[in-house]
Structures are given as C-alpha cells and as structure tokens.
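Reviewing the structure listed below.
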Amino acid sequence: AVKVIDVNLTDEEYAFGVDKNQPELLEKVNSFIAEIKANGTFDAICNKYFAGGTPDVIKSAALDSTKEQLVVATNAAFEPFEYTNGDGYSGIDMEIAKALADYLGKELVIQNMDFDAVCLSVGQHKCDIAMAGLTISEDRKEYVNFSDAYYEASQRLIVKGTDTTFDACKSADDVKAILDSLTEDKKIGCQQGTTGNSFIEGSEDLGFPGLKAKAVAYKSGSLAVQDLINGGVDYVIIDSAPAASIAKAINDVA
C-alpha cells in the first residue's frame, strides 16, 4: 500500500527534555543514559522493537503530590518510541522511562498529550521530563534543558506503493531535488509540531529552507499515512523509525 524511500533526509539526535528548575535531575538522567548505554540495557530495549522481541507494557501510576514520582510528558502516537498498548504504554522511550524511574527510586507517572504540548508542559513545571522522540533544537531549549543524546534519527519520505517518482533516488540530494520541484498545489503530510513539519514549512533553527508544497499536519504519523492512502495528501514526511513501523503495519493489513 505504501513504501518508505530508503534515504535519510536529515541527521538528528533525540534527547530527553528536563525541567530547567531541576538541574540535579538532569545530572542523574545523563548518568543514567551513560549507564544503560554501557551495560547493554539500551540495546536490549531497542532490540525488542527492531529485532522482533516482545515489548513490555508500562503502567502509569496516578499523579499524587504526596509521593516521590517521576512525571513524564509524552505523545503516545509515535511507535516504536511511545504508543498505547491496552491500558498501558509501550515503546523505547516508555521502557527507558520505567528504568529511569526505578533508577531514581520513584514511581512512574506518564502523561499523554499532543506532541507540541510536551516541551511546554515541562517548561511550565507540570511534568519533570519530556520523553517523546524529541529532536534537539534551539527552539525547544527555550522550554527544557536537553539531556545527552541517546538516539540518532532522520526524516524519511513515504509514498504510495505504486508511486515510482523517487525510485531512482540514491541520496538525500536526489530526493530533495524532486521535493524542491513540487508546486504549491502539492500536499505533504506530517505529524504536527515535529521535525518533519519543520522540514516542509522551513525552519531557521534547524536549517531547513522549506518546500513550496503545503504541509498538512496531523495528530500522528499514522493519520498522515492513512490520508496518503485515501488521497488527501501526495506524500508524507516523518521520522525514520515511526515511518518503518507505520508502513509495516499498514502493508501487513493490506
């Protein structure tokens, strides 16, 4: 039904966004990231999602100011990093969140919200940390202090399975040349507030000149790809790991 063009359009790094009023938490998060990278925990979590393992289901405690809790802001529509799973959550970030809460000796509270509210909620001190596949950017640093990077990411283009426009592309420049040639009547789907959204509309912060094609933003990448299938947009640009997950889920059904 759909296919992902196997070319990285960007080079990004994901990090966690920590409350600026909690510098001690930032130090502990960075120590934790270094530890799980060194002892194999991070690779083991990733292998559950990239190598056919069985994801854990992470449960959220109820928010209670009388308890020692780690309150995590996320957008659970970004598989394989965070997504709802029954009455809980799964995903790389969610399993890291549980491990971090255990490391800190705190109860885990997960607050699911729109993606473009995640950093804002931390900036307003409503949550301790944002864990939502966040690309490090100067604009987001207005709201949070970023941890050390934990994952290298990129943007990828999704097209209909019958679309051969980009089949001969070998590099990001090849893909970008075609995208740059698109006219204003073309529509490209993305998830609202994400790097893919900025790639289409342009961002001085991230160094994206933008495209002539119109960005159509959705609450999730899945909704954008579904509208691609339905003919509502011509293409979709989202992060590479979610692009692969969404495409596989849709094609397995098709």
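Per-structure values
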item: Links that overshoot a 19 Å alpha carbon limit, given the list Lys37/Lys59; Lys28/Lys59; Lys67/Lys98; Lys20/Lys67; Lys20/Lys59; Lys160/Lys186; result: Lys37/Lys59; Lys28/Lys59; Lys20/Lys67; Lys20/Lys59
item: Contact order relative to length of the chain, as percent, for alpha carbon pairs under 8 angstrom and 6 or more apart; result: 28 percent
item: Cα gyration tensor of segment 28-74 - equivalent ellipsoid semi-axes, whole Å, descending; result: 25, 17, 7
item: Overall Cα dimensions of the chain, principal axis frame, Å, largest first; result: 55, 38, 31
item: Most mobile listed residue (Ile229, Ile110, Ile237) in the chain, GNM with C-alpha springs under 10 Å; result: Ile229
item: Carbon plus sulfur fraction of accessible area for the chain, probe 1.4 Å, in percent; result: 46 percent
item: More than 21 angstrom apart: percent of Cα pairs within segment 126-188; result: 49 percent
item: Fraction in percent of alpha-carbon pairs per bin - 10 Å, segment 70-123; result: 27, 55, 18
item: Residues whose placed amide H lies under 5 Å from that of Phe16, excluding near-sequence neighbours; result: Ser147
item: Under-5 Å amide H pairs with Thr194, H placed in peptide plane, nonlocal only; result: none
item: P(r) of segment 147-243 over all Cα-Cα pairs, binned every 10 Å from zero, in whole percent; result: 16, 51, 29, 4, 0
item: Average projection area in nm² (convex hull over Cα atoms of segment 79-214, one quarter of hull surface); result: 10.5 nm²
item: Calculated P(r) tail over 29 Å for segment 1-151, as whole % of Cα pairs; result: 13 percent
item: Over segment 17-98, volume per residue of the alpha carbon convex hull, in Å³; result: 105 Å³
item: Over segment 190-249, volume per residue of the alpha carbon convex hull, in Å³; result: 70 Å³
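The values are calculated or read from the model by the stated rules, or taken from the named source; none is laboratory data. No experiment lies behind these values; they were computed from the predicted model shown. For accessibility, only protein heavy atoms count, side chains too; no ligands or nucleic acids. Shrake-Rupley method; radii C 1.70, N 1.55, O 1.52, S 1.80 Å.
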